[in-house]
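K.L.:
Following this message is one structure expressed as C-alpha cells.
The values are calculated or read from the model by the stated rules, or taken from the named source; none is laboratory data. None of these values were measured; they are calculated from a predicted model. When we count neighbours, we look across all protein chains shown, and the Cβ atoms used for this are built from the backbone with ideal geometry, even at glycine. Keep in mind that these areas ignore ligands, DNA and RNA; they rest on the heavy atoms of the full protein, side chains included. Shrake-Rupley method; radii C 1.70, N 1.55, O 1.52, S 1.80 Å.
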Amino acid sequence: MRTKKISITSILALILAFAMVIGIFSNLIGQANMKSNALVLIGCVVIWYFKPFLLNWATKISEKNMTRILTGILLAIVIIQILVIHFLPASVYHDPFRVLVQAEQLAHGHSNWNNSIYFLRFPNNVSLTVLMAGWLKFAGLFHLSTYWGIHLLSLILIDAFIFAILRSVRRLSHQNDVVLLAAIFFLVSPFAYTYYLQVFYSDLPSMLSFAIVFNVLIGWSEFSRNKRIITGIGLVLSVVIAEVVKPNLIVLLVAVLLVGIWLFFKNREQLNAIKMPLILIVLGFILAVPTASGLKAVSHYKTNNQYAFPTTHWIWMSYDPKGKGGYELRDVKKLSAIPGKQAKQNYLKKALPKRLKHLGPVGIGKRWIEKANTFFGVSTIQKAYTGGFIAAPRLYQKVQLPFAAIGMVIMRVGFILLYAETLLRCLRLWRKRYTFNDDPRVMLTVLTALGYIAFHTFLWETESRYGQVMVPLLGILCSIPSLSLPTEQRLGSRSKTQRYFALGIFVVGLGAYVAAPHSYTTIKGDHVAGQESQLSLQFDAKKTRIQPNSTLTQQVKLNHSAKHFKVSLAPGVKFRGTLVNEQTHRRYVLTRTPKAFKLKRKLPMGKYQIELKNNQQYPQSILLTKTISYWLAPYPLVINQQQHPYWSFVYTFSR
C-alpha cells in the first residue's frame, strides 16, 4: 500500500492556524473593559454578516473604477495624516526619542555619543540613528525642521507600506473585494494615524521591507528584464536597511535558506523560478554586516563593554517570574549594577537556567501563552512610545475619549477578522494536504510568520508592536485565490442557520454591553496637555545646571479642564514651584514629591505658566529636555528672560 505524501506547507499552515486562535482570543477578550469587549464582538459579527453585500457590490466595479476608488482612499489617508501631524502632535518618549535626539545631533555635526549611556548599553539602535541622521541632513537642504523632517519620513514610509500591501493583495487575489476591505481598514482604523505616523522607530522599516520582499516575490515571474533589475536593487536595499535597523529580520534569512534547501531536493524547477529573488535576499543579509560596521565607523561610535548588555539579557528578561514576557525595568537595573559585559554574561549563565527552573514546565508554558497573547494583541499600539497629545484642540478634546476607544475597537475587530480569515485559509490548506503543490511563495510566507511567532514566544521579549510585522505576511495568505471559498459561497447570502447564529451572537454582545458596569471609555490619566519627551535619568542623561535665584518659566494652554498637574525634576534638588493662572493671576503652590512637583485640583481651561525658581544660594541641576530644532511644546522655556524655543519642562496636565 502506497503512503500518500502530505504537503509540508499544509503542516506548517496547521501550526499557524493554532497561533491564529491565540491571536483571535487575545483581541476578543484582551481587555478588562467588558463594554469594549462587547463592542468588539458586535463589530465582528456585524461585519461578517454584511460582508457578502459588500463583496457583491465590489465584484461589479470595473478595474478602472476600482483604481479610482483606491486612489481616492489613499489621498484621503494622506490628508488625514497631514491634519494629525499639524493639529495633534504627540510627545514621543523612551527609545524613539533617544534615537531622535542623537540623530539630530549627528545631523548637525555633533558626533558625541555621551549625552547618555543609552547607546553604550544598547548599541542595536546605532545604525537606525545614523540612517535617521542622514535623512535629517537631507531634509535640512529644504530647510525643514527636525519635527517636519522626521514626520515626513514617517508619512512616506507608512504610505509606501499601505500602497505595497494593497498592490500585492490586488495583484495576487485578482478580487476587488479583498483589496477594498484592506483599503477601508487602513482608512477608518487608527493604523495609519497614530504610532506609525507620530513615532518613527525600527518597526516601520521592518514592515515595509517585508511588504517589498513579498511584492517582488509575487510579481517576479511577470517582470521584464529592466523591471527585474530595478526591483532587484530595491529588494537588496530594503533587506540591508531593515536588517541593520532591526536585526530580528534574520528570521527571514532562516526561512529563505530552509525553503531553498527544501526546493533543491524536492523541486528544482520551482527553485529556478524564484532563485534570483532568494539569492538577492541572502545578498542583502550578507551586505548588512559590513553596512552596520560602516555606519558605526562614520558616526564615530565606539563600543564600551563597561555598559553593554549581553544578548542573553533579552531572553533572561522575558522569563522574569514577576513579569509578562516583555521589557522589565527591574531586570535592567539589576544587570546595570554589574560592571562589565563579561561579568554580566557570567551572571546570566547562572541566572537564566535558575529562572527557567523556577518557572518549571507549566510556568514556561504559561509564559509562552502570555507572550503570544501580547504579540498578537493590538489594544496598546495606538499609544506605543507616546505620552499623549501635546495640546490637542478644544473641539477634538470633546470627542477624544470616545474617538480613542472606538479606534481601539476598530483595530481589534480588523485584526480579529484578519486572524480569522488566515485561520480558515490555513485549515483549507490542511484539507488539501494530499493534493496541494508546495508553492514556494506560500511556504516562505507561512514559514516566516511561524519564525517570527516562535522567536518572540519562545526566545525573545515581546511587545504588541512586534506582532505588526505579521500584517504583510497574513495579507499575502488572505489573498491567495486557491485558498479562498468558491465564488458562489463567498457572494451568497447567509443561510437561515447563519442568520440565527449571527443574531444570537449579536444579542449576547448587546446584553454584555448593557450589563457591563463600566463605560467603554475611561478618563483616568488622559492628558489635556503635556510634554513627556526626555532622555531619562536611568540612562544618566545630562542635567541642566541652574544658577542661584534663577527663574524658569513656560506657558501652557489648556483646551480642556484638568485635575492633575505634574512637572518633573531631578531627585534631591530644592526648587520652589508655582503654577500661575494667567487669566485670574491666581498662584498655586506645587507640592514636592521625590521626583516631581505636583498639584491636584480642578484647573479650568485657559493659559497657565509653570514657574520654578532656584531659591538656594548654590547652583542646582534639573531635568530639562533640549533639542536643536525639534518642536517639543507650543511655548518656549524661558530662563531669566531668555527664550529657548526647543527646550521644555517635562510636564503633564491630565483629567
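K.L.:
At a Förster radius of 56 Å, what calculated FRET efficiency corresponds to the Cβ-Cβ distance of Lys322 and Lys266, to the nearest 0.05?
P.N.:
The value I calculate is 0.75.
K.L.:
How large is the dipole of the stretch 156-313 about the Cα centre if only Lys and Arg carry +1 and Asp and Glu carry -1, each at its Cβ, rounded to the nearest 20 debye?
P.N.:
Value, rounded to 20: 400 debye.
K.L.:
So between Lys598 and Ala343, what do we pick up on full extension, going 0.36 nm a residue minus the alpha carbon distance?
P.N.:
This chain segment gains 87.8 nm when fully extended.
K.L.:
About its Cα centre, how strong a charge dipole does the chain have in debye, to the nearest 20, once Lys and Arg get +1 and Asp and Glu get -1 at the Cβ?
P.N.:
Rounded to the nearest 20 debye, it is 1420 debye.
K.L.:
So, R0 is 45 Å and r is the distance between the beta-carbons of His300 and Lys613; what FRET efficiency does that work out to, to 0.05?
P.N.:
Computed FRET efficiency for His300 and Lys613: 0.70.
K.L.:
Using only the alpha-carbon atoms, how far is helix 268-298 inclined from the longest principal axis of the chain? Give it as 0 to 90 degrees, nearest 10.
P.N.:
On a 0 to 90 degree scale, this one is about 10.
K.L.:
Working only with C-alpha atoms, what are the Rg and Dmax values of the stretch 308-371, expressed in angstrom?
P.N.:
11.6, 34
K.L.:
From the phi angles alone, apply the Karplus equation (6.51, -1.76, 1.60; θ = phi - 60°) to the stretch 499-516 and give each ³J(HN,Hα) in whole Hz, x where the residue is Gly or Pro.
P.N.:
Residue by residue, the stretch 499-516 yields 5, 5, 4, 4, 5, x, 5, 4, 5, 4, x, 5, x, 5, 5, 5, 7, 4 Hz.
K.L.:
Report the relative contact order of the stretch 593-655, percent, no decimals, based on alpha-carbon pairs under 8 angstrom and at least 6 residues apart.
P.N.:
RCO, the stretch 593-655: 25 percent.
K.L.:
Still on this structure, please answer the following. Provide Ile8, Ile241, Ile73 ordered by accessible surface of protein heavy atoms (probe 1.4 Å), highest first.
P.N.:
Largest to smallest exposure gives the sequence Ile241, Ile8, Ile73.
K.L.:
Given a 1.4 angstrom probe, I'd like the percentage of the accessible area of the chain that is carbon and sulfur, rounded to a whole number.
P.N.:
64
K.L.:
Right, next: Taking just the alpha-carbon atoms of the stretch 154-241, what radius of gyration and Dmax come out, in angstrom?
P.N.:
Just the Cα atoms of the stretch 154-241 yield Rg and Dmax of 13.8, 39 Å.
K.L.:
Among Trp314, Thr146, Ser482, whose Cα sits farthest toward the positive end of the charge dipole of the chain (+1 at Cβ of Lys/Arg, -1 at Cβ of Asp/Glu, about the Cα centre)?
P.N.:
About the Cα centre, the residue reaching furthest to the positive side is Trp314.
K.L.:
Expected output is a single nm value to one decimal: the length gained when fully extending between Arg167 and Arg545, i.e. 0.36 nm times separation in residues minus the C-alpha distance. What is it?
P.N.:
Result for the pair: 130.7 nm of gain on full extension.
K.L.:
Relative to the first principal axis of the alpha-carbon coordinates of the chain, what is the inclination of helix 34-59, with its axis defined by its Cα atoms, in degrees from 0 to 90 and to the nearest 10?
P.N.:
50
K.L.:
Another question, if that's okay. How large is log10 of I(q)/I(0) for the chain at q = 0.06, 0.10, 0.12 Å⁻¹ when the intensity is taken from the Debye formula with one equal scatterer per alpha-carbon?
P.N.:
Relative scattering, expressed as log10 I(q)/I(0), comes to -0.37, -1.05, -1.47.
K.L.:
While we're looking at this one, here's another question. Compute the angle between helix 203-219 and the longest alpha-carbon principal axis of the chain, please, reported from 0 to 90 degrees and rounded to the nearest 10.
P.N.:
It is inclined by approximately 20 degrees.
K.L.:
Of the options Thr445, Trp460, Thr593, report the single residue whose Cα projects farthest towards the positive end of the charge dipole of the chain (beta-carbon charges: Lys, Arg +1; Asp, Glu -1).
P.N.:
It is Thr593.
K.L.:
So, one more: Quick one: which of 15-22, 374-381 comes out on top by average Cβ neighbours within 10 Å, and what's the full order, highest first?
P.N.:
Highest to lowest by the protection proxy: 374-381, 15-22.
K.L.:
Also, I was wondering about something else. When Lys and Arg each count +1 and Asp and Glu each count -1, what net charge do the other residues less than 12 Å away from Arg433, Cβ to Cβ, add up to?
P.N.:
+4
K.L.:
Also, I was wondering about something else. Calculate one ³J(HN,Hα) per residue across the stretch 177-187 by plugging θ = phi - 60° into the Karplus curve 6.51 cos²θ - 1.76 cosθ + 1.60, and present them in order as whole Hz with x for glycine and proline.
P.N.:
5, 5, 5, 5, 4, 5, 5, 5, 4, 4, 6
K.L.:
So, one more: Using Cα pairs closer than 8 Å and at least 6 residues apart in sequence, work out the relative contact order for the chain, in percent.
P.N.:
Relative contact order for the chain comes out at 23 percent.
K.L.:
Still on this structure, I have one more. Leaving out ligands and nucleic acids, note down the accessible area per residue over the stretch 511-655 with a 1.4 angstrom probe, in whole Å².
P.N.:
49
K.L.:
Give me the dipole magnitude in Debye, nearest 20, for the stretch 1-117 about the Cα centre, with unit charges on the beta carbon: positive for Lys and Arg, negative for Asp and Glu.
P.N.:
Dipole of the stretch 1-117, to the nearest 20 debye: 760 debye.
K.L.:
For a bin width of 10 Å, list the pair-distance distribution of the stretch 278-407 built from all Cα-Cα distances, rounded to whole %.
P.N.:
Result, from short to long distances: 10, 23, 24, 28, 14, 2 percent.
K.L.:
Here's a follow-up. For the stretch 367-467, what does the equivalent ellipsoid look like in terms of its semi-axes, each the square root of 5 times an eigenvalue of the Cα gyration tensor, given largest first in whole Å?
P.N.:
That gives 36, 17, 11 Å for the three semi-axes.
K.L.:
Another question, if that's okay. Which ³J(HN,Hα) values, rounded to whole Hz and listed in residue order, are derived for the stretch 580-590 from phi using the Karplus coefficients 6.51, -1.76 and 1.60 in 6.51 cos²θ - 1.76 cosθ + 1.60 with θ = phi - 60°, glycine and proline given as x?
P.N.:
Computed from phi, the couplings for the stretch 580-590 are 10, 7, 6, 7, 9, 6, 6, 10, 10, 6, 8 Hz.
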